């Protein structure tokens, strides 16, 4: 077992960069792996679905989708919080994350068409 996370993503994936930013902000040790054809077998072995980001936890279990990953990191590493302290601002921060388009959310109120998982 390693004590480091491994984040598999792409530089031009907003969700990958969002999780990477949270790991950096919380000063959680991690290794970045840029998703490519070279690591396709590794990705297929560890991913449940073909979506980024993919994070390997220190126990080598995996998670995908930025929102559940961020919730996990926030629960396990509470300080510093990625959400504001003030209750109303904290609520808006969490709400905006859940309203953002993503693979587990079938539609966003801000999109003209549904996003499909």
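The values are calculated or read from the model by the stated rules, or taken from the named source; none is laboratory data. Being a predicted model, the structure only gives us computed values, none of them experimental. As a convention, Cβ positions derive from the backbone with ideal geometry for all residues, glycine included, and neighbour counts pool all protein chains shown.
Of the residues making up the range 21-39, just one is in contact with a strand residue (DSSP E or B) (Cβ under 6 Å, 6 or more places away or on another chain) and assigned to a helix (DSSP H, G or I), namely 23. The set of residues in the range 85-103 being part of a loop (DSSP other than H, G, I, E, B) and modelled with pLDDT of 85 or more consists of 85, 86.
Of the residues examined, residue 80 is not one that is modelled with pLDDT under 85 and either surrounded by fewer than 10 Cβ atoms within 10 Å (Cβ to Cβ) or under 27 Å from residue 62 (Cα atoms) (or both). On the basis of being at pLDDT below 95, in a loop (DSSP other than H, G, I, E, B) and either farther than 25 Å from residue 3 by Cβ or touching a strand residue (DSSP E or B) at 6+ places or on another chain (Cβ under 7 Å) (or both), does residue 67 make the cut? When the stated conditions are applied, residue 67 does not pass them. For first residues located in the range 87-101 and farther than 11 Å from residue 67 by Cα, partners that are in a loop (DSSP other than H, G, I, E, B) and lie 6+ apart or on another chain with Cβ distances below 8 Å form the pairs 89/83; 90/83; 90/84; 93/82; 93/83; 93/84. Checking each residue in the range 9-29 for being crowded, with 17+ Cβ neighbours inside 10 Å and in contact with a helix residue (DSSP H, G or I) (Cβ under 6 Å, 6 or more places away or on another chain) picks out 9, 15, 18, 19, 22.
Out of the residues in the range 40-59 that are in contact with a strand residue (DSSP E or B) (Cβ under 9 Å, 6 or more places away or on another chain) and in a loop (DSSP other than H, G, I, E, B), which is nearest to residue 7 (Cα to Cα)? Step through it out loud before you land on a result.
Taking the range 40-59 and keeping what is in contact with a strand residue (DSSP E or B) (Cβ under 9 Å, 6 or more places away or on another chain), we get 42-43, 46-49, 51-58.
When the remaining residues are screened for being in a loop (DSSP other than H, G, I, E, B), the result is 47-49, 51-53, 57-58.
On the way: 47: 12, 48: 15, 49: 15, 51: 12, 52: 9, 53: 7, 57: 9, 58: 11 Å.
Per the criteria, the residue is 53.
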